[in-house]
1. Please pick out the residue among V190, V223 that is within 28 Å of A31 (Cβ to Cβ) and surrounded by fewer than 14 Cβ atoms within 10 Å (Cβ to Cβ).
2. Mind listing whichever residues of the range 166-181 are surrounded by fewer than 21 Cβ atoms within 10 Å (Cβ to Cβ) and under 19 Å from the mean Cα position of the chain (by Cα)?
3. Select, from S231, S212, S219, the only residue that is of a type outside the set (F, W, Y), free of Cβ contacts under 8 Å to residues at least 24 places away in the same chain and over 21 Å from Y164 (Cβ atoms).
4. Can you pull out every residue in the range 66-87 that is open to solvent by less than 30 Å² (accessible area, probe 1.4 Å) and more than 19 Å from L123 (Cα to Cα)?
5. Name every residue in the range 240-262 that is of a type in the set (V, I, T) and either open to solvent by 30 Å² or more (accessible area, probe 1.4 Å) or assigned to a loop (DSSP other than H, G, I, E, B) (or both), in order of residue number.
6. Mind checking which residues of the range 130-170 are of a type in the set (S, T, N, Q) and assigned to a helix (DSSP H, G or I)?
7. Testing R126 on (1) touching a Leu at 6+ places or on another chain (Cβ under 9 Å); (2) farther than 20 Å from G17 by Cα, one condition comes back false. Which one is that?
8. Does at least one position in the range 118-128 carry a residue that is charged (D, E, K, R), over 25 Å from V255 (Cα atoms) and open to solvent by 10 Å² or more (accessible area, probe 1.4 Å)?
Amino acid sequence: MSTVIQTLAGKVALVSGSSTGIGAAIAAELASRGASVVICYAYKSERAAANAVLHGLPSCQRSIAVEADLATADGPSKLVSEVAAKYPHIDILVNNAGYSGICDITTASNEETLRCWERTVLLNGRGTMLLTRAVLPLLSPTQSRIINIGSSTSRDPDPSMTIYAGSKGMIESFTRCWARDFPPKYGCTVNTVAPGPVETESIRAAPIELLSELAARSSQTPVAPRFAKPSEIAWVVASLCEENAGWLNGLYIPVAGGRLLS
């Protein structure tokens, strides 16, 4: 059995939305490379899942789990305050927490549309911005990383994904702005990793109509007719955190088996 080289030993990684799915896979991959990881979850109902992820990490003794609802105005600062009490710096921020709002704005009521907008944009847009802003003072001054989890939906959307796709487009724009602004000030790089459909608990719970549409699209993926595995997304994220990835900045990286060519 091969041993993963501890290329991220001594690094501290904060991964939002990491009690399940892609976030949990990213936490596991970063930990396997030696990083201490902050597992972030939004609600008490997710605590057991977050602790299960935490205790499964190779760096469990050096890692923590923190509850913070990043869709609230004070959730990001609360999270970072708890992190700062444990660690003197943050080397890696992965903005993964998100909500996949599904709403056909042509048929939904104003109330339904606004409800989807608020739930989606307050987390995906405002939450990403506020968490990043709160982390900046703690970022290591050299070789630090900010990785935003986008979505292929922002460039290849379905009609019912107007609000979700728009929120992920916002994250793409954040990346472009921050990639130009932050490196001279904070010594970091900023990139977007944009998965296509990924085999997670949340996608399995999607409405059958959407699931059928995603499956039909995935059947045309050049590499293989399937959804991605969370571990495949996690590998890309972790690779961007390596020292030799220091010249990669401002990228939009689709991880979709060639289904989306940027």
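1. Numbers: V190 fails: surrounded by fewer than 14 Cβ atoms within 10 Å (Cβ to Cβ).
One residue alone meets the criteria, V223.
2. Step one: list which residues in the range 166-181 are surrounded by fewer than 21 Cβ atoms within 10 Å (Cβ to Cβ), which gives 166, 169-170, 172-174, 176-177, 179-181.
Of everything in the range 166-181, those that are surrounded by fewer than 21 Cβ atoms within 10 Å (Cβ to Cβ) and under 19 Å from the mean Cα position of the chain (by Cα) turn out to be G166, G169, M170, E172, S173, F174, R176, C177, A179.
3. On the way: S231 fails: free of Cβ contacts under 8 Å to residues at least 24 places away in the same chain; S212 fails: over 21 Å from Y164 (Cβ atoms).
Result of the check over S231, S212, S219: S219.
4. Going through the range 66-87, the residues open to solvent by less than 30 Å² (accessible area, probe 1.4 Å) turn out to be 66, 68, 70-71, 75-76, 79-80, 83, 87.
The answer is V83, Y87.
5. Step one: filter the range 240-262 for residues of a type in the set (V, I, T), giving 253, 255.
The answer is I253, and nothing else.
6. Within the range 130-170, the subset of a type in the set (S, T, N, Q) is 132, 140, 142-144, 148, 151-154, 160, 162, 167.
T132, S152, T153, S154, S160, T162, S167 - these are the residues of the range 130-170 that are of a type in the set (S, T, N, Q) and assigned to a helix (DSSP H, G or I).
7. With respect to (1) touching a Leu at 6+ places or on another chain (Cβ under 9 Å); (2) farther than 20 Å from G17 by Cα, R126 is out only on (2).
8. Just the residues of the range 118-128 that are charged (D, E, K, R), to begin with: 118-119, 126.
Restricting the remaining residues to those that are over 25 Å from V255 (Cα atoms) gives 118-119.
Right, trim to open to solvent by 10 Å² or more (accessible area, probe 1.4 Å) and you get 118-119.
Yes, the conditions are met somewhere in the range 118-128.
The values are calculated or read from the model by the stated rules, or taken from the named source; none is laboratory data. Given the structure is predicted, the values throughout are model-derived calculations rather than measurements. All Cβ positions, glycine included, derive from the backbone under ideal geometry; neighbour counts span all protein chains shown. Just the protein is used for accessible areas: all its heavy atoms, side chains included, with ligands, DNA and RNA removed. Shrake-Rupley method; radii C 1.70, N 1.55, O 1.52, S 1.80 Å.
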